[in-house]
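The structure appears below as structure tokens.
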Amino acid sequence: MEKFADEALIEVFSGSGGNGCVAFRREKYVPRGGPAGGDGGKGGDVIFVVRHNLRTLAHLRYKPSFKAENGQDGAGSGRYGRQGEDVRIPLPPGTLLKDGQTGELIRDFGKQEKDFVFLQGGKGGWGNIHFKSSVQQAPRKALPGKKGEHRVLRVELQLLADIGFVGLPNGGKSSLLTRFTNARPKIAPYPFTTTIPNLGVLRVDDRDIILADIPGLIAGASQGVGLGIRFLKHISRTAALAFLIDLSEDTYEEAFPIVYQELAAFSPELTRKPRVLVGTKLDIPGTDGRLAQLRKAYPEETVLGISVFSGAGIPALAAFMGDLVGIPDTSREEVRKL
């Protein structure tokens with residue numbers, strides 16, 4: 001199976017503050033100089049940042065530990081220690097940050113993409129210049145820096161897409177993604193060609209629609225059968241779903257109820273999303289009649305037919321996808337060119 005890292009367990013450490021310094025002035029003409037110990041520097045923070053060029057969490061698999069720099073100790077002559085460098089951890093959009101032990105959600109980077117300071121570095125300790133008083137002219141007291149924090153985190157990726165392609169294996173999902181976009185998923189005439197989610201961008205009326213091709217589902221997928229269950233979470237954020245049905249298969253009428261039931265078992269929310277049923281491979285003789293039968297079997301559903309090979313039905317499907325994600329039905333000149 002191709003590697004697709006959508007989960008990772010990481011440790012993060014913020015930096016400890018530097019220690020304050022005990023020192024005194026030692027100028028030649030200043031006998032019994034006063035305190036001159038500087039403060040320690042603050043420790044570095046742990047900061048999570050969203051990077052749109054990332055698509056997986058593979059970089060966290062290879063480096064599961066991140067530590068910010070400690071602050072430097074204070075020095076004589078009132079010199080403060082340098083602040084520790086922050087550690088900035090890049091994440092792809094749609095990432096969930098959870099507590100590694102309780103599973104409690106800490107941050108959803110699908111809803112908030114601003115930089116997130118998760119752990120602050122420890123404060124630097126005071127040098128002895130802070131402890132001079134009328135009673136204590138030469139204090140030999142300084143404070144240690146505060147320790148940094150440590151957390152174990154579970155990082156989970158949920159792809160951000162407008163429309164998710166779902167269906168049985170070899171239903172034509174990857175071929176349609178290739179036709180619509182510049183994505184180049186693996187395509188072959190056998191089941192389970194797609195073993196990782198693929199993303200592509202469809203342009204409709206100056207609006208980008210993000211499409212996600214999810215590995216094929218089979219009966220029992222919600223209980224862990226086949227490949228699809230691992231990736232069902234990636235369509236939870238989609239605005240709509242496209243159910244692709246291979247009209248060249250004799251069992252074409254069973255495809256929609258099988259996939260629908262697996263989605264319902266995984267999360268009832270998925271079955272309430274706007275959807276379209278797409279009959280594929282219309283270029284094969286006999287599939288026209290099967291498309292008519294599919295429409296008759298599901299009169300309450302929107303059923304469209306396409307052929308990626310000949311291009312039949314592609315403009316109409318692209319236009320309907322624009323409707324699904326809320327693009328007004330205008331001229332759609334870009335769609336007509338498909």
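Computed quantities for the displayed model
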item: Any chance VAL117 is farther than 30 Å from ARG32 by Cα, surrounded by fewer than 16 Cβ atoms within 10 Å (Cβ to Cβ), in contact (Cβ under 8 Å) with a residue 60 or more places away in the chain and assigned by TED's automatic domain parsing to the domain that holds PHE24; result: yes
item: Test result for GLY127, crowded, with 23+ Cβ neighbours inside 10 Å and closer than 30 Å to LEU282 by Cβ; result: no
item: The stretch 56-68 residues that are within 17 Å of THR95 (Cα to Cα), paired with ones that are aromatic (Phe, Trp, Tyr) and surrounded by 14 or more Cβ atoms within 10 Å (Cβ to Cβ) (beta carbon under 9 Å, 6 or more apart); result: THR56/PHE4; ALA58/PHE4; LEU60/PHE66
item: Qualifying residue in the stretch 13-35 (condition: touching a helix residue (DSSP H, G or I) at 6+ places or on another chain (Cβ under 6 Å) and in a strand (DSSP E or B)); result: yes
item: Conditions (1) surrounded by fewer than 21 Cβ atoms within 10 Å (Cβ to Cβ); (2) touching a residue at least 40 places away in the same chain (Cβ under 8 Å); (3) of a type in the set (Asp, Glu): number failed by GLU27; result: (2)
item: Selection status of ARG88, assigned by TED's automatic domain parsing to the domain that holds GLU27, part of a strand (DSSP E or B) and not aromatic (Phe, Trp, Tyr); result: yes
item: Set LEU270, LEU277: member being under 18 Å from PHE320 (Cβ atoms) and assigned by TED's automatic domain parsing to the domain that holds VAL303; result: LEU277
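The values are calculated or read from the model by the stated rules, or taken from the named source; none is laboratory data. This one's a predicted model, so the numbers in the text were calculated from it and none came from an experiment. Here Cβ is always computed from backbone atoms with ideal geometry, including for glycine, and neighbour counts include all displayed protein chains.
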